[in-house]
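Participant: Just passing along the structure, written as structure tokens.
Readers should treat all values here as calculations from the given coordinates under stated rules, not as data from a laboratory. Here the structure is a predicted model, which is why all the values come from computation and not from measurement. As a convention, Cβ positions derive from the backbone with ideal geometry for all residues, glycine included, and neighbour counts pool all protein chains shown.
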Amino acid sequence: MFIVGLTGGIGSGKTTVGKFFAELGVPVYNSDEEAKRLMADSEEVKMAITDLLGNEAYEGDKLNKKYISERVFTNKGLLKSLNAIVHPAVRKHFLSWAKRQDSVYVIQEAAIIFEIGSQNFYDKIILVTAPKNLRIDRILNRDEKESKSGVETRMANQWDDTKKITASHYVIENLDRSKTRDRVLEVHHALLANS
């Protein structure tokens with residue numbers, strides 16, 4: 001079994017592409033969802049986040065996403081420190097999950113593979129792309145609490161697609177669902193052929 005990283009900027013459609021791979025029977029692990037679960041449920045992670053960001057990081061037992069976003073996406077040092085808490089916990093959980101899968105390959109969907117320097121962890125990397133304006137529109141349409149400036153701030157903390165394209169094995173442009181689904185099938189067959 002080999003490990004494939006699925007990445008792309010915020011709003012590019014990583015989760016949609018991941019669902020298309022899952023429909024083909026490929027086990028897909030969503031790192032963002034697991035990170036949220038760990039930040040909400042893991043006492044060890046919660047304690048480390050509270051030590052880093054203060055008691056305001058949680059409202060009772062609930063993660064204060066607005067407070068955390070405002071703090072870390074405007075301070076690269078805090079973002080790096082938060083990632084250093086969450087990502088090792090996610091990686092440990094992913095590896096345990098991957099061992100239980102019975103497939104030629106598994107996919108780990110992760111937004112910031114290149115930004116945290118974890119690209120060597122993967123046998124292959126798939127990049128999902130879409131134009132910046134479309135990505136912003138997608139995010140604003142799916143989350144009414146988001147602001148355009150907030151999305152742009154988060155985008156500024158991610159590598160530009162041009163840089164990611166040269167470091168990826170496969171690129172899926174996600175503009176049209178039908179064409180995206182066709183490209184997923186092409187990539188799937190290529191991955192199976194390389195196994």
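Participant: In the stretch 1-66, which trypsin sites (Lys or Arg not before Pro) are in a loop and have at most 15 other Cβ atoms within 10 Å, using DSSP for the loop call?
Facilitator: Here no trypsin sites (Lys or Arg not before Pro) fit, given the DSSP loop and packing criteria.
Participant: Taking a quarter of the surface of the Cα convex hull of the stretch 107-191, what do you get in nm²?
Facilitator: Averaging across all directions leaves 6.1 nm² for the Cα convex hull.
Participant: What angle do you read, to the nearest 10 degrees and between 0 and 90, between the alpha-carbon axis of helix 31-41 and the longest principal axis of the chain?
Facilitator: Approximately 30 degrees, to the nearest ten.
Participant: Using r as the Cβ-Cβ distance of V104 and N141, and R0 as 25 Å, what FRET efficiency do you calculate, to the nearest 0.05?
Facilitator: E between V104 and N141, to the nearest 0.05, is 0.10.
Participant: Which value in Å does the Kirkwood hydrodynamic radius of the chain take, with 1/r averaged over all unlike C-alpha pairs and then inverted?
Facilitator: 17.5 Å
Participant: On a C-alpha basis, how far is the centre of the stretch 1-74 from the centre of the stretch 124-189 in Å? Whole number, if you could?
Facilitator: 17 Å
Participant: When the helices in the chain are scored as -39500 (n - 2.57) per DSSP H run of 4 or longer and the sum is shared across all residues, what 222 nm value do you end up with, to the nearest 500 deg cm²/dmol?
Facilitator: -17000 deg cm²/dmol
Participant: Can I ask one more? Output the 0 to 90 degree angle, nearest 10, between the alpha-carbon long axis of helix 177-193 and the longest principal axis computed from the alpha carbons of the chain.
Facilitator: 70 degrees
Participant: Using DSSP to call loops (not H, G, I, E or B), can you name the GluC sites (Glu not before Pro) in the stretch 67-169 whose Cβ has at most 11 other Cβ atoms within 10 angstrom?
Facilitator: Loop-located and lightly packed - E144.
Participant: Next question. How about K164: which lysines have a C-alpha closer than 22 Å to its C-alpha, ignoring those fewer than 8 places off in the same chain?
Facilitator: Reachable lysines: K14, K19, K76, K80, K124, K132, K179.
Participant: Next up: Write down the radius of gyration of the stretch 40-100 and its Dmax, each obtained from C-alpha positions, in Å.
Facilitator: For the stretch 40-100, the Cα radius of gyration and maximum Cα-Cα distance read 12.5, 38 Å.
Participant: By how many degrees, 0 to 90 and rounded to 10, does the Cα axis of helix 76-99 deviate from the longest principal axis of the chain?
Facilitator: 50 degrees
Participant: Below 12 Å, Cα to Cα, which aspartates and glutamates can K66 reach? Residues fewer than 8 away in the same chain don't count.
Facilitator: Qualifying aspartates and glutamates at Cα under 12 Å: E56, E146.
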